[in-house]
Amino acid sequence: NEREGESIMQTVTVAIADTDPGRRAKLEQSLQGGQGIKLLKNIILDESDAPADHQLESHAGMTSVEEVVARISQLNPRILFINFDQSTAEGDFALLGALQRECPETLVVLLTDKSAQDEQILQALANGARGCLNHEADPLYFLKAVRVVDQGEIWVTRKMLGKIMDKV
């Protein structure tokens with residue numbers, strides 16, 4: 001079936017919302033080699049030149065959610081990787097909700113670390129996130145996650161899938 005072949009090779013646009021330049025660079029590297037993946041320019045401006053206390057403020061502030069949503073709706077990526085941080089989880093949920101309303105075409109994949117609580121990840125998935133991936137994951141997984149989520153599936157660990165099933 002020729003048609004199916006076409007849809008697989010359609011370019012998937014990907015954006016990354018992470019204020020940590022090191023992590024972002026690593027993820028960009030993982031995705032750059034991917035065939036049919038177009039990496040959009042960074043969504044969150046580097047805040048390394050802002051004073052440290054301002055950095056926290058701007059991330060927690062509501063304006064930052066609006067700014068991020070405004071930039072995302074301009075770029076309109078198919079897949080958006082968002083750094084999911086325990087300490088700012090409330091802000092992240094607000095962002096997820098706003099994205100669902102303003103950018104329904106954009107599918108969000110959370111980037112987490114070891115500290116991420118399953119409960120919070122479940123809540124984020126309930127709030128519209130389409131997947132979850134550890135920052136430390138094998139670079140190949142980032143490419144796979146982009147493909148899978150683009151096809152309308154979710155990307156979670158088997159353990160997380162079990163917890164989702166328990167809730168259903």
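The values are calculated or read from the model by the stated rules, or taken from the named source; none is laboratory data. The shown structure was predicted, so the numbers you read here are calculated from the model rather than taken from an experiment. Ideal geometry is used to build each Cβ from the backbone, glycine not excepted, and the neighbour counts take in all protein chains shown. Calculation scope for accessible area: heavy atoms of the full protein, side chains included, ligands and nucleic acids excluded. Shrake-Rupley method; radii C 1.70, N 1.55, O 1.52, S 1.80 Å.
Which of the pairs K26/K167; K26/K114; K38/K114; K38/K144; K26/K144 have their Cα atoms more than 24 Å apart in this structure?
Violating the 24 Å limit, Cα to Cα: K26/K167; K38/K114.
Accessible area per residue for region 80-152 in Å², computed with a 1.4 Å probe and the full protein assembly in place, what is it?
45 Å²
Tell me, in nm to one decimal, what length is gained between E105 and L75 on full extension, where the rule is 0.36 nm per residue of separation less the Cα-Cα distance? It would help to have the intermediate numbers written out before the result.
Numbers: separation 30, 0.36 × 30 = 10.80 nm, distance 1.13 nm.
The span from E105 to L75 would gain 9.7 nm if fully extended.
Would you tell me the accessible area of R147, worked out with a 1.4 angstrom probe on the heavy atoms of the protein chains, in Å² to the nearest 10?
80 Å²
Relative to the present Cα-Cα distance, how much length would full extension add between E136 and Q29 at 0.36 nm per residue of separation?
37.2 nm
Run the paramagnetic zone check for Q10: 7 angstrom along Cα to Cβ, then residues of region 118-138 with backbone nitrogen under 16 Å.
Of the residues in region 118-138, none has backbone N under 16 Å from the label point off Q10.
Using only the heavy atoms of the protein chains and a 1.4 Å probe, how would K26, K114, K167 rank by accessible area, largest first?
If we order K26, K114, K167 from most to least accessible, we get K114, K167, K26.
Largest first, what is the accessible-area ranking of D92, D138, D20 with a 1.4 Å probe?
D138, D20, D92
Any chance you could tell me what percent of the C-alpha pair distances in region 116-165 go past 12 Å?
When every Cα pair of region 116-165 is considered, 64 percent fall beyond 12 Å.
Taking the Cβ of G128 as the centre, find all other residues whose Cβ is under 14 Å away and add up their charges (Lys, Arg: +1; Asp, Glu: -1).
Around G128, the surrounding residues sum to -1.
Accessible area of V69, 1.4 Å probe, to the nearest 10 Å²?
V69 exposes around 10 Å² with every protein chain in place.
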